[in-house]
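The values are calculated or read from the model by the stated rules, or taken from the named source; none is laboratory data. These numbers come from a predicted model, not from an experiment. FYI the Cβ positions are ideal-geometry reconstructions off the backbone, even for glycines, and counts take in every protein chain you see. Heads up: the accessible areas ignore ligands, DNA and RNA and are worked out on the full protein's heavy atoms, side chains in. Shrake-Rupley method; radii C 1.70, N 1.55, O 1.52, S 1.80 Å.
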Amino acid sequence: MAADRVRWGIIGCGWIAHAFAKGLSLVPNAELVAGASRTAGKAAEFAAQYPPMRVYTDYESLVKDPEVDAVYVATTHNFHLDNVRLALSHGKHVLCEKPITINAAQLEELIALAKEKKRFLMEALWTRFLPGITKLKELLASDVIGTPRVVNAFFGIDRDDDPEHRLLNPRLAGGAVLDLGVYPLNFAHIVFGGAPEASTSLAWLGRTGVDEISSYLLRFPEGRMAMLTSTCKVAEIDEAVIYGKKGRIRVEKFLRPVAIHVETESGTETFDVRFPSSGFQYEIEEATHCILKGKTESSVMPLSESLAIMRLMDRFRGEWGLTYPEER
Ligand SMILES: NC(=O)c1ccc[n+]([C@@H]2O[C@H](COP(=O)([O-])OP(=O)(O)OC[C@H]3O[C@@H](n4cnc5c(N)ncnc54)[C@H](OP(=O)(O)O)[C@@H]3O)[C@@H](O)[C@H]2O)c1
C-alpha cells in the first residue's frame, strides 16, 4: 500500500455506489481503482462513468486484487456480513454501508475479524461526517440552548409501492428501522452521546412483514429523551428538533443538513451548512485518513456506537416479532 493514498474498490455497483464514486473524486488521497458487480454488464457500465477503473463480475476477484487497499460495501443489507467478511479475510480495510449488518451478533463477528486481521472497519453513516453535524456539535457545546433535553427526529420517504424493493423485501433485510431508522437513532446518539438507559418502540408491519412505520422512545441518562420515527409511507421529509431551557435547534434535513436554525429569546439565527457534490467525500476522507494513519476505527463513527445502535434495533425488532429469513 502506498504511504500517501488509499486505492478503493467497490462491491456492488448499484444506486449508492454512484454517490460514493462522486464523493471520492473530491478526496485527494483516495483513488477509485476497481468495482465488482454480479449483475451482468453493471460493473462495466459503472466503470465507464468513473474511469479509469478495473471491472470484476464477482466479488472474490476484487478482494484478491493486490492493488485494492480498501473496499466499500454497497450491496443490500442482507449481503453485508458475507461481503465484509470476504474483504477482511483478504486483508482489505472496509467501509460498509448502513446498516453495517442486520443484527448485533453479525456485527460482533465482524468486529472480532477486523481486530484479528488488524484492518480498519467502519459503518458508512455519512451524516456523521457532514459539515452540518460538525456545526451542530459546536452549537451544542456552546450551550446556546442550554442542556439538550429532548430530541425529536423524523425520517420519512414515499417508497411503499414495490414489495421487491430492498426497503420492503424481507429477503434483502428491508424495513423502516434498518434502512431509515438508523439515521434518527444515530442522530440521538450524536446529540446525547453514549447509549440510552431505557427504550421502547412500536411498529406497523406491512404486507411483506417488515416495519413500514416504526417509532422509538429512548431515555438517556440524566433525564434526556429522544422520540424518533421512520417510515416509507409519506412524502420525503427529514427533520430534527433539539429542545433545551434556552430555546431549540431545528436541523433542516438532518440526514444531510442544509440549514440549522437556532431559536432563542433573542431571535432566530440561521447557519447555512450546505455541502458540494454527493456529500460522501467527508466519510471517505475520514476512512482514508484513518487507514493512512494505521487506525482500525474512526472516533467519529466508532464500532461501539454501531454496535449499541444495532443492539437497539435488535431489541425493537424483538418487540415486534420481526426476524429475517437468515435469522430463523
Ligand atoms: N448513505 C445513504 O444515503 C444511502 C442511501 C441509499 C442506500 N444506502 C445503503 O446502500 C446500500 C445499497 O443500497 P442501494 O440503494 O444502492 O441498493 P441497490 O441499488 O438496490 O443494490 C445495490 C447492490 O446490491 C446487490 N443487490 C441488490 N438487490 C439484489 C438482489 N435481489 N439479489 C442480489 N443482489 C442484489 C446488487 O449488487 P451487484 O451490483 O453485485 O449486482 C446491487 O447493485 C444499502 O445498505 C442501503 O441501506 C445508503
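A few remarks follow.
- Using only alpha carbons, region 168-297 has a radius of gyration to Kirkwood radius ratio (Rg to Rh) of 1.01.
- Each listed q (0.20, 0.21, 0.23 Å⁻¹) maps to a log10 I(q)/I(0) for region 59-145 from the Debye sum over equal C-alpha point scatterers, namely -0.86, -0.91, -1.03.
- Element breakdown for region 4-114 at a 1.4 angstrom probe: carbon and sulfur atoms account for 55% of the accessible area.
- Structure-based [θ]222 nm, the chain - -39500 (n - 2.57) summed over DSSP H runs of at least 4, per residue, nearest 500: -9500 deg cm²/dmol
- The slack in the chain from K245 to K295, taken as 0.36 nm per residue of separation less the alpha-carbon distance, amounts to 14.1 nm.
- From the alpha carbon centroid of region 96-118 to that of region 253-274 is 35 Å.
- The local environment of E67, defined by Cβ-Cβ distances under 10 Å, has a net charge of -1 under the rule Lys, Arg +1 and Asp, Glu -1.
- Contact order relative to length of region 6-125, as percent, for alpha carbon pairs under 8 angstrom and 6 or more apart: 23
- Mean accessible surface per residue for the chain, computed with a 1.4 Å probe while every protein chain stays in place, in Å²: 42
- Contact order relative to length of the chain, as percent, for alpha carbon pairs under 8 angstrom and 6 or more apart: 20
- Region 124-239 - Rg and Dmax from Cα coordinates, angstrom: 15.3, 47
- Relative intensity, log₁₀ I(q)/I(0), of the chain from a Debye sum that treats every alpha carbon as a point, q = 0.10, 0.11, 0.13 Å⁻¹: -0.57, -0.70, -0.98
- Residue among K135, K98, K245 with the largest mean-square fluctuation in a Gaussian network model of the chain, springs linking Cα atoms under 10 Å: K245
- When the Cα convex hull of region 1-54 is projected onto planes of every orientation, the mean area is 3.6 nm².
- A simple spin-label model places the labels of Q49 and E327 3.2 nm from each other, with each point 7 Å out along Cα-to-Cβ.
- Three principal axis extents describe the C-alpha atoms of region 1-143; from largest down they are 53, 34, 31 Å.
- Point-charge dipole on Cβ atoms (K/R +1, D/E -1) for the chain, about Cα centre, debye to 20: 440
- Set K42/K117; K137/K253; K135/K233; K22/K64; K233/K253 screened for pairs whose C-alpha atoms are more than 21 Å apart: K42/K117; K135/K233; K22/K64
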